[in-house]
Amino acid sequence: MVRGKLLLEAVKLNPTAVIDLFQLDLRPVGAVLVEGWDGVLYFHSGNQINRTDIVFGGRQYAQWPAETRNFEWNMTTTQPRPQISFSNILGPFTQMNLEYGGLVNAKLTRIRTFAKFLDGMPEADASAYFPPETWVINRKVQEDREICIFELSNPMDIEDLSLPRRIVLADQCRWIYRGDGCGYTGTRLFDINNNPLLPYAYNWKGEWDANTHYNTGDVVVAEWAFVQGVTVPQYFQCQYPNQGQQPPSSGNSPYWARDECSLNLYGCQIRFNTGQNDQYGGWLPFGGFPGVQLQPVQLGQ
């Protein structure tokens with residue numbers, strides 16, 4: 001933003017029109033990206049300038065009849081709940097509402113600048129704009145053949161949103177073992193009770209193969225699906241010689257013991273605080289909050 005240019009234009013007796021540019025991000029509501037489209041609709045209302053597409057910062061904004069209300073902040077403690085109305089002639093928003101769940105949680109960003117700074121103008125400047133305002137569509141207020149109205153909310157003022165978003169537990173890690181957040185890639189293997197697996201020398205065999213004969217102590221890796229389709233490597237140690245005995249999708253079997261984290265602080269310590277494992281420089285990526293645990297009061301003598 002070039003504040004000086006904005007202020008100089010704002011204090012003029014006859015400043016050029018203030019242009020409202022909108023970016024409607026449909027990715028939070030499941031828009032599928034395709035070649036040539038990033039999942040965001042770029043448009044301007046056409047109320048402040050001739051009703052044509054305009055370009056700002058190299059980005060083309062299509063003219064789309066729209067009207068905004070209650071975007072102003074006041075001195076009260078109540079968060080504003082602005083509304084934006086779109087022309088729905090020929091039903092474009094009816095189609096999007098059906099496809100994207102009424103657009104609830106779609107993100108709308110408003111960028112304001114003066115007409116003189118648009119691309120193609122003598123004083124075009126893509127860095128001259130007021131601070132962007134980001135809102136989230138909270139609910140659909142009205143929809144008919146002519147108009148579609150949405151109520152917006154501050155991203156921190158969404159109905160049914162609780163903070164913090166993560167559940168605060170003192171001694172319970174919320175990360176997926178060996179997945180995002182945890183990221184453990186070490187070779188020390190333990191069961192769910194924090195006991196080391198069989199004290200044999202580990203013999204790494206790579207991915208499990210039904211045609212391979214495995215001996216006690218052999219370690220294999222298998223991929224199992226987790227939440228939202230995420231897969232993380234699951235390691236198993238052979239407990240009894242076998243061939244064709246597939247590692248179980250959950251728990252253990254007579255042939256295989258799973259490398260599994262207890263998800264408590266000690267389980268993290270024995271993997272990362274060994275004095276030899278410097279994967280995280282000596283600190284723990286523990287996904288719990290040990291600091292919230294109640295401590296006994298120490299009374300003086």
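Things to note:
- Note on the stretch 251-284: residues that are at pLDDT below 85 and part of a loop (DSSP other than H, G, I, E, B) total 13.
- Residues of the stretch 218-245 that are surrounded by 14 or more Cβ atoms within 10 Å (Cβ to Cβ) and at pLDDT 90 or above: ASP218, VAL219, VAL220, VAL221, TYR235, PHE236, GLN237, CYS238, GLN239, ASN242, GLN245.
- Tallying residues that are without any contact (Cβ under 8 Å) to a residue 24 or more places away in the chain, assigned to a loop (DSSP other than H, G, I, E, B) and either farther than 15 Å from ASP259 by Cβ or out of contact with any Leu (no Cβ under 9 Å at 6 or more places or on another chain) (or both) within the stretch 201-217 yields 2.
Residues checked against (1) assigned to a strand (DSSP E or B); (2) of a type outside the set (Gly, Ala, Ser); (3) modelled with pLDDT of 80 or more:
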position	(1), (2), (3)
PRO28	no, yes, yes
VAL32	no, yes, no
TYR42	yes, yes, yes
GLY46	no, no, no
ILE49	no, yes, no
VAL55	yes, yes, yes
TYR61	yes, yes, yes
GLU67	yes, yes, yes
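- Figure legend. Inter-residue proximity from the stretch 189-200: first residues touching a residue at least 40 places away in the same chain (Cβ under 8 Å) and within 13 Å of GLY267 (Cα to Cα), second residues surrounded by 15 or more Cβ atoms within 10 Å (Cβ to Cβ) and acidic (Asp, Glu), beta-carbon distance below 8 Å, spacing 6+ or different chains. Indicated pairs: LEU189/ASP259; PHE190/ASP259; PHE190/GLU260; ASP191/ASP259; ASP191/GLU260; ILE192/GLU260.
The values are calculated or read from the model by the stated rules, or taken from the named source; none is laboratory data. Remember, predicted model here, so these are calculated numbers, not experimental data. Virtual Cβ from ideal backbone geometry, glycine too; neighbours counted across all protein chains shown.
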